[in-house]
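S.K.: After the structure tokens below, expect a handful of questions from me.
The values are calculated or read from the model by the stated rules, or taken from the named source; none is laboratory data. From a predicted model like this one, the values you see are computed outputs, not experimental measurements. All Cβ positions, even for glycine, are placed from backbone atoms using ideal geometry, and neighbour counts span all protein chains on display.
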There are 2 protein chains.
Amino acid sequence: MSANKELIENLFKANRRSVARSISIVENDNSDSSALLKKIHSNIGQAYRIGITGPPGAGKSTITNQLTKHYRKLNKKVGIIAVDPTSPFTGGALLGDRIRMNEIGIDEGVFIRSMATRGSLGGLSKKAIDASDVLDAAGFDLIILETVGVGQSELDIAQAADTTIVVLVPESGDSVQAMKAGLMEIADFFVLNKSDRPGSEQAIASLQTILMMKDHDEKTWMPKIIKTIASENKGILEIAGEIERHKTFMNENNFFIQKRESQTKIRIKEIVESKIRKQIWSESGEKFLNSSLEKVVLGDLSPYYIAEEIILDFINRNN
Amino acid sequence: MSANKELIENLFKANRRSVARSISIVENDNSDSSALLKKIHSNIGQAYRIGITGPPGAGKSTITNQLTKHYRKLNKKVGIIAVDPTSPFTGGALLGDRIRMNEIGIDEGVFIRSMATRGSLGGLSKKAIDASDVLDAAGFDLIILETVGVGQSELDIAQAADTTIVVLVPESGDSVQAMKAGLMEIADFFVLNKSDRPGSEQAIASLQTILMMKDHDEKTWMPKIIKTIASENKGILEIAGEIERHKTFMNENNFFIQKRESQTKIRIKEIVESKIRKQIWSESGEKFLNSSLEKVVLGDLSPYYIAEEIILDFINRNN
């Protein structure tokens with residue numbers, strides 16, 4: 001598969017097979033992928049990106065599905081990238097996909113791609129963001145990036161959105177206390193799903209306490225907490241309304257430029273590191289590594305010594 | 001803090017403050033860290049390393065604590081590295097540590113270090129393995145690497161052990177079906193904890209079905225499933241027995257050399273990538289990146305173009 005002219009022309013026309021092929025190309029993360037992404041770069045920036053993250057079982061897929069149905073009624077085209085690196089434990093991605101496909105997957109105005117990548121060589125957030133660019137170039141109005149919030153890479157994905165939603169459930173109540181600044185800072189607003197369960201009010205109270213501790217004035221966006229019962233479609237309109245309110249706030253204050261600059265920074269860093277990884281382990285690096293293993297295991301050489309040799313070799317090769 | 005001679009001498013004498021300081025040095029992951037690890041390399045290899053992984057809430061810390069008490073009765077010194085990158089959601093690391101400290105933390109023959117690292121710049125498995133080397137050099141007989149199995153980095157840590165235990169609970173039953181090869185392959189044996197709960201027998205049956213599907217003959221290690229109720233100290237002796245049986249099997253078949261070579265390979269790769277990351281973003285890389293952000297956000301240049309420029313600059317700088 002190469003990033004040929006025809007593919008890109010069909011991608012711009014939102015041809016489904018071309019969208020799927022283009023995402024496969026960026027997932028392969030090779031020179032074809034870079035070429036494709038360079039060619040579509042001037043055609044992106046029109047889609048609005050929504051990040052949805054939270055612990056396993058909080059109901060992120062249900063919210064994504066309901067929100068998608070809502071946007072379809074408004075005739076908006078919705079692209080979904082669902083990332084679940086925990087799926088080998090929870091089965092979440094597999095099950096979720098099947099339900100999803102039945103509900104919204106057959107709609108021509110919806111495109112869903114799952115990325116469950118345990119065992120991949122990393123670069124998960126890079127690939128998810130590249131895939132969003134493909135959907136953006138294909139003319140999807142809204143792109144939902146849904147990720148289980150359990151690692152830095154998933155937080156990176158959530159942060160790549162224009163509006164980031166953190167979904168919790170009443171049972172997360174205790175753990176709210178333990179939340180670190182990182183998570184509090186990425187949420188543009190919180191959704192307390194399954195809010196008919198016991199503990200709901202306490203969960204909201206403790207979230208509010210933490211939120212109050214943040215410095216804020218009139219010019220600061222103050223994250224709200226929205227109660228939902230997504231399985232009964234309760235609170236979905238409120239989520240959509242809050243996304244709209246956040247978008248307006250960001251536009252009025254020219255905050256999107258700042259946000260996109262910091263997102264771009266994270267993204268370029270990941271591209272650089274991914275490219276270097278590929279180059280370093282391509283041929284001679286891997287060979288040299290294999291030939292050195294025995295000496296390290298026997299205690300003759302430190303792994304740190306071998307690492308330095310490999311880096312020197314990589315630099316010399318590139319001259 | 002530098003890796004001076006006095007520190008290393010005291011580390012070899014298992015001086016607690018020197019152990020703690022040395023781990024802090026390897027956590028900083030700078031040139032002092034490389035120097036320290038090179039100096040201690042010839043003194044490591046005596047400790048037996050046990051990896052314990054599994055989903056949040058499976059009871060990994062309870063098993064670690066009970067196993068530690070068991071080994072202390074045999075007068076073995078135990079070092080524990082507990083890694084929980086999910087702690088901002090679950091609060092696990094915080095709570096677990098407090099209980100742990102009360103139970104075993106005051107024992108001179110036990111050293112516990114937690115690494116809960118959301119927001120760190122990655123390199124988590126590298127740091128955890130480096131910290132194990134410090135404990136190894138300090139003369140701990142057993143090192144337990146306890147990690148929540150939710151990402152590649154945690155699997156890497158579990159794989160860095162001589163014996164790797166995957167802990168599940170009856171509730172994980174369904175999800176066993178969804179387990180991917182990666183997780184099945186790292187388990188030297190399984191522990192079904194909280195085995196008095198409903199669903200226990202079904203969970204074991206489905207695990208066994210999956211295990212039977214693996215190719216095996218007399219020379220292959222066949223992972224068993226051990227039932228425990230760790231909170232009541234039931235099944236802990238069986239875990240210790242199975243670790244011993246695995247150790248004997250590996251020694252008799254000379255499998256440790258192979259295992260350590262493949263572990264060393266993963267480890268050197270991570271060291272190389274961590275060092276390059278540091279070098280590339282040190283000064284001019286970061287500066288160049290910051291000056292290019294606007295052009296990318298405005299759509300003039302692709303992030304892939306900027307990434308290539310940064311790599312070229314890094315290579316030129318190193319000549």
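S.K.: Going through A:35, A:14 one at a time, which residue ends up being away from every other protein chain (no Cβ under 14 Å) and either farther than 29 Å from residue A:190 by Cβ or in contact with a Lys or Arg (Cβ under 8 Å, 6 or more places away or on another chain) (or both)?
M.R.: A:14
S.K.: Any idea which of (1) acidic (Asp, Glu); (2) modelled with pLDDT of 90 or more; (3) in contact with a Gly (Cβ under 9 Å, 6 or more places away or on another chain) is the one residue A:242 doesn't satisfy?
M.R.: Just one mismatch for residue A:242, condition (3).
S.K.: I'd like the residue in the stretch B:35-83 that is out of contact with any strand residue (DSSP E or B) (no Cβ under 9 Å at 6 or more places or on another chain) and among the β-branched types (Val, Ile, Thr) and, out of all such residues, is farthest from residue B:145 (Cα to Cα).
M.R.: B:40
S.K.: Within the stretch B:243-257, can one find any residue that is in a loop (DSSP other than H, G, I, E, B), in contact with a Ser or Thr (Cβ under 6 Å, 6 or more places away or on another chain) and more than 24 Å from residue A:278 (Cα to Cα)?
M.R.: No, there is no match, as no residue in the stretch B:243-257 is in a loop (DSSP other than H, G, I, E, B), in contact with a Ser or Thr (Cβ under 6 Å, 6 or more places away or on another chain) and more than 24 Å from residue A:278 (Cα to Cα).
S.K.: Working carefully through the options A:228, A:248, A:220, find the one that is more than 20 Å from the chain's Cα centre (by Cα) and in contact (Cβ under 8 Å) with a residue 40 or more places away in the chain.
M.R.: A:228
S.K.: Do you know which of the residues in the stretch A:132-166 that are closer than 24 Å to residue A:255 by Cα and within 11 Å of chain B (Cβ to nearest Cβ) is modelled with the highest pLDDT?
M.R.: Checking each candidate, the answer is A:133.
S.K.: Taking interchain pairs and intrachain pairs at least six residues apart, which have beta carbon atoms under 9 angstrom, with the first residue in the stretch A:9-30 and outside the structural domain of residue A:44 (by TED's automatic domain parsing) and the second of a type in the set (Phe, Trp, Tyr)?
M.R.: Qualifying pairs under 9 Å: A:14/A:111; A:14/A:140; A:16/A:111; A:18/A:12; A:19/A:111; A:19/A:140; A:20/A:111; A:23/A:111.
S.K.: Kindly indicate the residue of the stretch A:38-74 that is hydrophobic (A, V, I, L, M, F, W, C) and assigned to a helix (DSSP H, G or I) and also farthest from the other protein chains (Cβ to nearest Cβ) among those meeting that condition.
M.R.: Out of the qualifying residues, it is A:67.
S.K.: In the stretch A:31-60, how many residues are in contact with a helix residue (DSSP H, G or I) (Cβ under 8 Å, 6 or more places away or on another chain), within 17 Å of residue A:133 (Cβ to Cβ) and not acidic (Asp, Glu)?
M.R.: Number satisfying all stated conditions: 17.
S.K.: Looking at the stretch B:287-302 only, could you name the residues that are within 8 Å of chain A (Cβ to nearest Cβ) and either in contact (Cβ under 8 Å) with a residue 24 or more places away in the chain or in a helix (DSSP H, G or I) (or both)?
M.R.: B:289, B:290, B:292, B:293, B:294, B:296, B:297
S.K.: Output yes when any residue across the stretch B:182-190 is at pLDDT 70 or above, part of a strand (DSSP E or B) and either of a type in the set (A, V, I, L, M, F, W, C) or buried (at least 21 other Cβ atoms within 10 Å of the Cβ) (or both), and no when none is.
M.R.: Within the stretch B:182-190, one or more residues are at pLDDT 70 or above, part of a strand (DSSP E or B) and either of a type in the set (A, V, I, L, M, F, W, C) or buried (at least 21 other Cβ atoms within 10 Å of the Cβ) (or both).
S.K.: What are the residue pairs meeting all of these: first residue in the stretch B:129-149, first residue free of Cβ contacts under 8 Å to residues at least 24 places away in the same chain, second residue surrounded by 24 or more Cβ atoms within 10 Å (Cβ to Cβ) and not in a loop (DSSP other than H, G, I, E, B), Cβ atoms under 8 Å, and 6 or more apart or on different chains?
M.R.: Taking only residues 6 or more apart or on different chains, not a single pair turns up.
S.K.: May I ask you to list the residues in the stretch A:251-272 that are without any contact (Cβ under 8 Å) to a residue 40 or more places away in the chain and either surrounded by 14 or more Cβ atoms within 10 Å (Cβ to Cβ) or within 7 Å of chain B (Cβ to nearest Cβ) (or both)?
M.R.: Across the stretch A:251-272, the qualifying residues are A:255, A:257, A:260, A:261, A:264, A:265, A:268, A:269, A:272.
S.K.: One residue is enough: does the stretch B:291-301 have a residue meeting the conditions within 12 Å of residue A:273 (Cα to Cα) and either among the aliphatic types (A, V, I, L, M) or crowded, with 19+ Cβ neighbours inside 10 Å (or both)?
M.R.: Restricting attention to the stretch B:291-301, the residues satisfying the condition of being within 12 Å of residue A:273 (Cα to Cα) are none.
No, because not a single residue in the stretch B:291-301 is within 12 Å of residue A:273 (Cα to Cα) and either among the aliphatic types (A, V, I, L, M) or crowded, with 19+ Cβ neighbours inside 10 Å (or both).
S.K.: Another question, if that's okay. Given the conditions (1) touching an Asp or Glu at 6+ places or on another chain (Cβ under 7 Å); (2) modelled with pLDDT of 90 or more, and given that residue B:277 satisfies all but one, which numbered condition is not satisfied?
M.R.: (2)
S.K.: Residues A:67, A:36: which one is of a type outside the set (S, T, N, Q), surrounded by 20 or more Cβ atoms within 10 Å (Cβ to Cβ) and farther than 28 Å from residue A:165 by Cβ?
M.R.: Values: A:67 fails: farther than 28 Å from residue A:165 by Cβ.
Exactly one of A:67, A:36 is of a type outside the set (S, T, N, Q), surrounded by 20 or more Cβ atoms within 10 Å (Cβ to Cβ) and farther than 28 Å from residue A:165 by Cβ, namely A:36.
S.K.: Here is a list of conditions, (1) in the same structural domain as residue A:129 (by TED's automatic domain parsing); (2) buried (at least 19 other Cβ atoms within 10 Å of the Cβ); (3) in a helix (DSSP H, G or I), and residue A:223 meets all of them except one; can you say which number that is?
M.R.: Condition (3) is where residue A:223 drops out.
S.K.: Suppose we keep only residues that are without any contact (Cβ under 8 Å) to a residue 24 or more places away in the chain and not charged (D, E, K, R) within the stretch A:277-286. Which one would you say is nearest to the other protein chains (Cβ to nearest Cβ)?
M.R.: Only one residue fits best here, namely A:281.
S.K.: Which one is surrounded by the fewest Cβ atoms within 10 Å (Cβ to Cβ), of the residues in the stretch A:129-147 that are over 9 Å from the mean Cα position of the chain (by Cα) and closer than 24 Å to residue A:167 by Cβ?
M.R.: A:141
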